[in-house]
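Enquirer: Mind looking over this structure? Questions follow.
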Amino acid sequence: AVHPEDRERVVASLERARAEGHERWSEDYRFRRRDGTYAHVADRGRVVRDAQGRPERMVGGMSDVSEQVRLQR
């Protein structure tokens with residue numbers, strides 16, 4: 001659901017964070033809503049590790065920042 005113009009950048013950012021062992025990740029991008037329009041979102045996550053310290057999953061949250069982006073423009 002990431003906007004096609006943002007997808008490569010977002011995926012590369014996430015892969016870079018994983019490869020470099022970052023504990024936290026964040027990126028701002030456009031995300032498709034159910035109605036087909038796009039929202040500007042701030043996506044943030046952190047890595048959850050198992051007992052051996054291996055990455056197990058990522059948890060986080062996404063906030064709609066469309067109004068802030070509109071006001072900035």
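The values are calculated or read from the model by the stated rules, or taken from the named source; none is laboratory data. Fair warning: this is a prediction, and the values are worked out from it, not measured in the lab. Cβ sites come from the backbone with ideal geometry, for glycine too, and all protein chains shown count toward neighbours. Heads up: the accessible areas ignore ligands, DNA and RNA and are worked out on the full protein's heavy atoms, side chains in. Shrake-Rupley method; radii C 1.70, N 1.55, O 1.52, S 1.80 Å.
Enquirer: In segment 21-36, which residues are under 23 Å from Val65 (Cα atoms), among the charged types (D, E, K, R) and surrounded by fewer than 14 Cβ atoms within 10 Å (Cβ to Cβ)?
Expert: If we filter segment 21-36 for residues that are under 23 Å from Val65 (Cα atoms), which is where we start, we get 24-36.
Filter once more, keeping what is among the charged types (D, E, K, R): 24, 27-28, 30, 32-35.
The answer is Arg24, Arg32, Arg33, Arg34, Asp35.
Enquirer: Across segment 32-67, which residue is farthest from Gly21 (Cα to Cα) among those that are more than 11 Å from the chain's Cα centre (by Cα) and among the polar types (S, T, N, Q)?
Expert: Here the residue is Thr37.
Enquirer: Need the failing condition index for Arg44 against (1) in contact with an Asp or Glu (Cβ under 7 Å, 6 or more places away or on another chain); (2) part of a strand (DSSP E or B); (3) modelled with pLDDT of 95 or more, just the number.
Expert: So the condition that Arg44 fails would be (1).
So that you can scan it fast, the table gives a plain yes or no per residue for (1) open to solvent by less than 100 Å² (accessible area, probe 1.4 Å); (2) without any contact (Cβ under 8 Å) to a residue 24 or more places away in the chain; (3) closer than 23 Å to Leu71 by Cα:
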{"position": "Glu15", "(1), (2), (3)": "yes, yes, no"}
{"position": "Ala19", "(1), (2), (3)": "yes, yes, no"}
{"position": "Tyr38", "(1), (2), (3)": "yes, no, yes"}
{"position": "Val41", "(1), (2), (3)": "yes, no, yes"}
{"position": "Val48", "(1), (2), (3)": "yes, yes, no"}
{"position": "Pro55", "(1), (2), (3)": "yes, no, no"}
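Enquirer: Residue under question is Val59, and the condition is that it be surrounded by 12 or more Cβ atoms within 10 Å (Cβ to Cβ) and either touching a Lys or Arg at 6+ places or on another chain (Cβ under 7 Å) or of a type in the set (Val, Ile, Thr) (or both); does it hold? Please lay out each step first, then the result.
Expert: Values: surrounded by 12 or more Cβ atoms within 10 Å (Cβ to Cβ): no; either touching a Lys or Arg at 6+ places or on another chain (Cβ under 7 Å) or of a type in the set (Val, Ile, Thr) (or both): yes.
The answer is no for Val59.
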